[in-house]
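Asker: This is the structure, below, for whatever I ask next.
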Amino acid sequence: MNEHETRLRRYQEALEFAERQVAALIERHPDFFPIYTVDGRWHHEGELWTDWTGGFLAGMMWQFHRRTGDVRWRQHAEHYSKLLEHRQHDRDVHDLGFIFLNTYLPWYELTGDSALNDVLIQAGRTLAMRFQPKGRYLCSFVGPQSLFIDIMMNVPLIFYAANETLDQDLARIALAHCRTTRDYLVREDGSTAHEGIFDLETGKFLRQSTHQGISADSRWARGLAWSLYGYSRVYGLTDIGEMRDVSERNAAFWIAHLPEDRVPWWDFDADTTQPPPWGAQKDSSAAAIAASGLWDLASQTDSPARAIAYRTTALAMLDQLVTEEYLATDTPGWEGILKHGVYHTAKQLGVDESVMWGEYFFVEALTKVIMDAPEDTSS
Ligand code: GLY
């Protein structure tokens, strides 16, 4: 077996482990949508902060079905997706892209059932209602003055709805949001701030801020991963080159600042001579998101050299995530798939735990590599 086949076999085994962990979760806690583990256990009384991750659990089921064709995964995926349908009208979160693009989109693509597409379009319209015309951004769940970098992963849902309906207002809102985010949250060096605060009277940008990073001017790893993947996804839906440029700037920063094992510290500015949680704490979920985003960006870039760098980095991160250090295969009683994720350090939620988006993007990235690239993909 050559190196490439060995890698694919390891990825396949990791996905089979992921299937077993998800099957055990839904058997143990039917119809429950967890966000993060506590001591490796999904069911606990911990605070949610915001309810945004249902699409990742259901989304993994769609990914499992896509790879295996197993009809049981499709039945579970439909059931768990249906439980999220009412969220198409949810105006309390900015995360409707996370919820619907991973569930109703694969479901619609499989069936062509227009009722499923109607749900996607409505969810896109609901998300667009967060638009602040003065500041020209979609506001975060925190309040109308707040713009989050995370929303870059949700705005593709509005572009999707715009493409399906030819509604130019939706397209204008989505594009304005992407440009405002680029102008105020994406820095010259390709790093990102978590949050921007705007004056509601004038729409003027006031300052960068953070909830989940170390500080307003730090480089929170997951935020950067959201931006990298989000702009790439927007490029995929719009073909607007300036969107891809942002993703490529994010990717350049990402690749240049990874530590030796290629899995980022939770914030690129963490003082790793200090102990966790504020110091030497990895975020495996950020690695999984970036791996999936870089994989796509490799087929979007005009530069063959950068395409190789993106693929090589994506594979290096995944190679690390499938080791026992990160994969919970040999951790008795651990109910998640990937260890060493982080949700919210300042609130001490899900720190050094499994987190549902880390699980999803890990599964998505491995599935892409296995399905998109039967040949050697490293060059
Ligand atoms: N709320 C999005 C995140 O924790 O990355």
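Asker: Which of the chymotrypsin sites (Phe, Trp or Tyr not before Pro) found in the stretch 250-345 are loop residues per DSSP with 16 or fewer other Cβ atoms within 10 Å of their Cβ? Could the numbers behind the result be given before it?
Answerer: Values: sites: PHE253, TRP254, TRP265, TRP266, PHE268, TRP278, TRP295, TYR310, TYR326, TRP334, TYR343; in loops: TRP266, PHE268, TRP278, TYR326, TRP334.
Here the chymotrypsin sites (Phe, Trp or Tyr not before Pro) that fit, given the DSSP loop and packing criteria, are TRP278.
Asker: Ok, one more. If you take the charge dipole of the chain about its Cα centre, with +1 on Lys and Arg Cβ and -1 on Asp and Glu Cβ, which of ALA18, THR331, TYR310 is farthest toward its positive end?
Answerer: Sorting the options by dipole projection puts first TYR310.
Asker: Now for a different question. List the trypsin sites (Lys or Arg not before Pro) within the stretch 239-288 that fall in a DSSP loop (any state other than H, G, I, E or B) and whose Cβ has at most 10 other Cβ atoms within 10 Å.
Answerer: Values: sites: ARG244, ARG249, ARG262, LYS282; in loops: ARG262.
In loop regions of the stretch 239-288 (DSSP not H, G, I, E or B), there are no sparsely surrounded trypsin sites (Lys or Arg not before Pro).
Asker: DSSP loop trypsin sites (Lys or Arg not before Pro) in the stretch 283-376 with at most 13 other Cβ atoms within 10 Å of their Cβ, which ones?
Answerer: Working: sites: ARG306, ARG311, LYS339, LYS347, LYS368; in loops: LYS339, LYS347.
Passing both the DSSP loop test and the Cβ count: LYS347.
Asker: Could you tally up the Lys pairs in the chain with alpha carbons closer than 23 Å? Skip any pair fewer than 8 positions apart unless they're on separate chains.
Answerer: So the count of such lysine pairs works out to 5.
Asker: Still on this structure: With +1 assigned to the C-beta of every Lys and Arg and -1 to the C-beta of every Asp and Glu, and no other charges, what is the dipole magnitude of the chain about the Cα centre in debye, to the nearest 20?
Answerer: Charge dipole of the chain: 640 debye, to the nearest 20.
Asker: Please find the FRET efficiency linking LEU48 to GLU13, where r is the Cβ-Cβ separation and R0 is fixed at 25 Å, and quote it to the nearest 0.05.
Answerer: Details: r = 32 Å, r/R0 = 1.28.
With a Förster radius of 25 Å, E is 0.20.
All of the numbers you see were taken from the coordinates with simple rules; none came from a lab. Note that this is a predicted model, so its numbers are computed, not measured. Ideal geometry is used to build each Cβ from the backbone, glycine not excepted, and the neighbour counts take in all protein chains shown.
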